[in-house]
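A.B. asks: Below are the structure tokens for one structure; questions will follow.
The values are calculated or read from the model by the stated rules, or taken from the named source; none is laboratory data. Bear in mind that the values here come from a model prediction, so they are computed numbers and not experimental data. So basically every Cβ, Gly included, is an ideal-geometry build from the backbone, and we count neighbours across all protein chains shown.
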Amino acid sequence: MSRYRRENLETRVERERSEIFAALKRLDRRSFLKVAAASWAAATAAGATFGNGAFQTLRFVGAQEPQSDAASNGLSVANKTDGANVANGATQGVRVAYISDSHLYVKEKNDRFANALVRAVADVNALSEKPDFVIYGGDLAQLGSLEELRLGRDILSDLDAPLKIIVGEHDWYLDLGDGWRSLFGEPFWAFDCKGVRFVGIMSVLEDDFWTPRRMSPVERMQTVAGLDNGVQNRFKIGASGLRWLEETLADCPNEKPVVVFSHSPLYALYRPWNFWNEDAAEARRILSRFDAATVIHGHTHQLLTHREGNIAFHGLLSTAWPWPYPPTGVPELTVEMNRPDPFNPNDACGDGELRISPDGLVDKIYRFWNREPILVPAAYVAGDATLRPKRPNLPSY
Ligand SMILES: [Fe+2]
Ligand SMILES: [Fe+2]
């Protein structure tokens with residue numbers, strides 16, 4: 001090295017960043033551009049352990065004949081799922097790939113988020129074992145315009161697997177759902193797959209704060225898009241939505257696994273940021289009679305795991321950006337990722353998979369784009385603390 005060379009703080013940070021990025025490029029190739037099996041193996045290498053009660057215990061037997069969708073929603077054809085295998089007493093559980101919270105702007109304003117969604121679709125299409133369906137967790141658009149929603153629909157139409165989609169607040173509050181409905185159908189839907197009842201709900205309803213303030217649709221949308229502005233109301237499912245949920249599950253015996261897809265988390269996380277749902281307790285009451293119920297939610301853009309009694313809760317990654325963790329309310333089961341690397345806009349973003357066994361237990365993988373994948377085994381969520389995943393951390397700057 002030249003004696004004239006200096007390495008001040010800025011130069012050192014730059015060098016370290018370059019070294020990490022070089023390593024991460026190798027990680028990207030190894031972990032993300034290969035098939036799902038590689039992701040699971042990498043999760044193991046990252047410290048996830050599989051003792052009794054983890055993957056090996058999941059036996060996918062006794063599956064039932066799938067029923068057709070209770071309500072078709074646009075692109076989704078989830079009732080196509082694998083009926084032949086199921087009729088034979090399938091040995092597989094339900095495999096669900098997930099993508100969430102892409103927050104697309106129109107192309108002229110921003111193409112980074114659209115490119116990120118394209119990347120997530122490529123991830124799902126590269127899976128060696130095709131998922132039974134893909135769930136999109138809401139917030140497809142950023143400011144709710146039909147143009148943003150159409151862009152999202154077009155990118156998602158490249159998926160090789162059936163799509164089910166739920167609505168987020170960013171998709172809804174420009175036109176109160178007209179555009180979203182025109183592309184994707186009704187925001188409440190249900191269907192059975194391999195003996196599991198899957199339900200999608202609209203859980204970002206807000207009482208009218210805009211009319212008294214004489215807000216335009218754009219002002220309403222921008223207000224809702226700012227989660228902690230203190231102007232809007234808290235999310236809820238609403239009386240008719242809750243009634244629909246109860247009626248939709250009425251024919252399910254208690255032992256039938258139930259998985260609910262909701263954009264907002266259905267437990268008390270953090271009210272000031274609307275990481276919250278005002279009538280979630282009533283939804284939990286409806287789910288309380290089941291041996292195993294699971295709520296999968298978007299909106300929080302971070303690794304989140306929680307359990308209350310019979311109900312497990314799983315937050316999804318965003319493809320657009322990670323939110324910080326709220327100062328209070330983070331559940332004990334959650335293994336927090338540290339703050340994202342400001343030099344890498346993809347850090348702490350990604351997509352992932354869910355595997356649901358016939359007894360309703362859910363294994364979850366977070367497939368980070370800039371960190372090693374994290375596996376959250378069902379047995380850990382059920383109480384085996386020895387299976388706690390390692391933190392998906394990077395050095396912070
Ligand atoms: Fe979001
Ligand atoms: Fe959201």
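A.B. asks: Please pick out the residue among GLY360, GLY383, GLY350 that is at positive phi and buried (at least 24 other Cβ atoms within 10 Å of the Cβ).
C.D. replies: Details: GLY360 fails: buried (at least 24 other Cβ atoms within 10 Å of the Cβ); GLY383 fails: buried (at least 24 other Cβ atoms within 10 Å of the Cβ).
Result: GLY350 is the single residue among GLY360, GLY383, GLY350 that is at positive phi and buried (at least 24 other Cβ atoms within 10 Å of the Cβ).
A.B. asks: Collect the residues in segment 302-321 that are assigned to a strand (DSSP E or B) and either among the aromatic types (Phe, Trp, Tyr) or within 12 Å of ligand 2 (Cβ to nearest atom) (or both), keeping them in residue-number order.
C.D. replies: Initial filter on segment 302-321 (assigned to a strand (DSSP E or B)): 305-308, 311-315.
Across segment 302-321, the qualifying residues are PHE313, GLY315.
A.B. asks: Out of segment 102-112, which residues are surrounded by 24 or more Cβ atoms within 10 Å (Cβ to Cβ) and farther than 14 Å from ASP154 by Cα?
C.D. replies: Looking only at segment 102-112, we keep the residues that are surrounded by 24 or more Cβ atoms within 10 Å (Cβ to Cβ), and these are 102-104.
Within segment 102-112, HIS103 is the sole residue that qualifies.
A.B. asks: Go through ARG307, ARG220 for me and flag whichever is among the charged types (D, E, K, R) and either surrounded by fewer than 20 Cβ atoms within 10 Å (Cβ to Cβ) or in contact with an Asp or Glu (Cβ under 6 Å, 6 or more places away or on another chain) (or both). Walk me through it before giving the result.
C.D. replies: On the way: ARG220 fails: either surrounded by fewer than 20 Cβ atoms within 10 Å (Cβ to Cβ) or in contact with an Asp or Glu (Cβ under 6 Å, 6 or more places away or on another chain) (or both).
Going through ARG307, ARG220 in turn, just one is among the charged types (D, E, K, R) and either surrounded by fewer than 20 Cβ atoms within 10 Å (Cβ to Cβ) or in contact with an Asp or Glu (Cβ under 6 Å, 6 or more places away or on another chain) (or both): ARG307.
A.B. asks: Please count how many residues of segment 151-201 are buried (at least 24 other Cβ atoms within 10 Å of the Cβ), of a type in the set (D, E, K, R) and over 16 Å from the mean Cα position of the chain (by Cα).
C.D. replies: Number of matching residues: 1.
A.B. asks: I need the full set of residues from segment 131-151 which are of a type in the set (A, V, I, L, M) and either part of a helix (DSSP H, G or I) or away from ligand 1 (no atom under 16 Å from the Cβ) (or both), in order please.
C.D. replies: Applying the first criterion (of a type in the set (A, V, I, L, M)) to segment 131-151 yields 134-135, 140-141, 143, 146, 149, 151.
Passing the criteria: VAL134, LEU146, LEU149, LEU151.
A.B. asks: Next question, about the same structure. Which of the residues spanning segment 100-130 are away from ligand 1 (no atom under 16 Å from the Cβ) and in contact with a helix residue (DSSP H, G or I) (Cβ under 7 Å, 6 or more places away or on another chain)? I'd like the intermediate steps shown before the answer.
C.D. replies: If we filter segment 100-130 for residues that are away from ligand 1 (no atom under 16 Å from the Cβ), which is where we start, we get 106-109, 111, 115, 118-119, 121-130.
Residues satisfying the conditions are VAL106, LYS107, VAL118, VAL121, ASP123, LEU127, SER128, GLU129.
A.B. asks: When you look at GLY315, is it within 16 Å of ligand 1 (Cβ to nearest atom), farther than 30 Å from GLU247 by Cβ and in contact (Cβ under 8 Å) with a residue 40 or more places away in the chain, yes or no? Reasoning before the result, please.
C.D. replies: Details: within 16 Å of ligand 1 (Cβ to nearest atom): yes; farther than 30 Å from GLU247 by Cβ: no; in contact (Cβ under 8 Å) with a residue 40 or more places away in the chain: yes.
The answer is no for GLY315.
A.B. asks: In segment 157-188, what count of residues is obtained for those that are in a helix (DSSP H, G or I), touching a residue at least 24 places away in the same chain (Cβ under 8 Å), of a type outside the set (Phe, Trp, Tyr) and under 18 Å from HIS263 (Cβ atoms)?
C.D. replies: Filtering segment 157-188 for residues in a helix (DSSP H, G or I) gives 169-172, 178-184.
Of the ones still in play, those that are also touching a residue at least 24 places away in the same chain (Cβ under 8 Å) are 169-172, 179-180, 182-184.
Now drop any that are not of a type outside the set (Phe, Trp, Tyr), which leaves 169-171, 179, 182-183.
Keeping just the survivors that are under 18 Å from HIS263 (Cβ atoms) gives 169-171, 179, 183.
Residues meeting the conditions: 5.
A.B. asks: Now a separate question. Of all the residues that make up segment 242-266, how many are under 20 Å from ILE166 (Cα atoms) and either among the aliphatic types (A, V, I, L, M) or in contact with a strand residue (DSSP E or B) (Cβ under 6 Å, 6 or more places away or on another chain) (or both)?
C.D. replies: We begin by selecting, within segment 242-266, every residue under 20 Å from ILE166 (Cα atoms); these are 242-249, 257-266.
Within this subset, residues satisfying the condition of being either among the aliphatic types (A, V, I, L, M) or in contact with a strand residue (DSSP E or B) (Cβ under 6 Å, 6 or more places away or on another chain) (or both) are 242, 245, 248-249, 257-262, 265-266.
Summing the residues that are under 20 Å from ILE166 (Cα atoms) and either among the aliphatic types (A, V, I, L, M) or in contact with a strand residue (DSSP E or B) (Cβ under 6 Å, 6 or more places away or on another chain) (or both) in segment 242-266 gives 12.
A.B. asks: Confirm whether PHE313 is among the hydrophobic types (A, V, I, L, M, F, W, C) and over 22 Å from ALA378 (Cα atoms). Write out each step before concluding.
C.D. replies: Working: among the hydrophobic types (A, V, I, L, M, F, W, C): yes; over 22 Å from ALA378 (Cα atoms): no.
No: the conditions fail for PHE313.
A.B. asks: Name, by its number, the condition in (1) part of a loop (DSSP other than H, G, I, E, B); (2) more than 16 Å from ligand 2 (Cβ to nearest atom); (3) among the charged types (D, E, K, R) that does not hold for ASP154.
C.D. replies: If we test ASP154 against (1) part of a loop (DSSP other than H, G, I, E, B); (2) more than 16 Å from ligand 2 (Cβ to nearest atom); (3) among the charged types (D, E, K, R), just (1) comes out false.
A.B. asks: Considering only segment 315-340, state which residues are within 14 Å of PHE275 (Cα to Cα) and surrounded by 24 or more Cβ atoms within 10 Å (Cβ to Cβ).
C.D. replies: First, pick out the residues of segment 315-340 that are within 14 Å of PHE275 (Cα to Cα): 315-316, 322-331.
Correct list: GLY315, LEU316.
A.B. asks: Next question. Identify the single condition in (1) away from ligand 2 (no atom under 16 Å from the Cβ); (2) at pLDDT 95 or above; (3) closer than 15 Å to ARG153 by Cα that ILE99 does not satisfy, given that it satisfies every other one.
C.D. replies: Of (1) away from ligand 2 (no atom under 16 Å from the Cβ); (2) at pLDDT 95 or above; (3) closer than 15 Å to ARG153 by Cα, only one is false for ILE99: (1).
A.B. asks: While we're here: Being of a type in the set (Phe, Trp, Tyr) and either out of contact with any helix residue (DSSP H, G or I) (no Cβ under 9 Å at 6 or more places or on another chain) or in a strand (DSSP E or B) (or both) is the filter here; which residues of segment 221-266 pass it?
C.D. replies: Applying the first criterion (of a type in the set (Phe, Trp, Tyr)) to segment 221-266 yields 235, 244, 261.
Those that are of a type in the set (Phe, Trp, Tyr) and either out of contact with any helix residue (DSSP H, G or I) (no Cβ under 9 Å at 6 or more places or on another chain) or in a strand (DSSP E or B) (or both): TRP244, PHE261.
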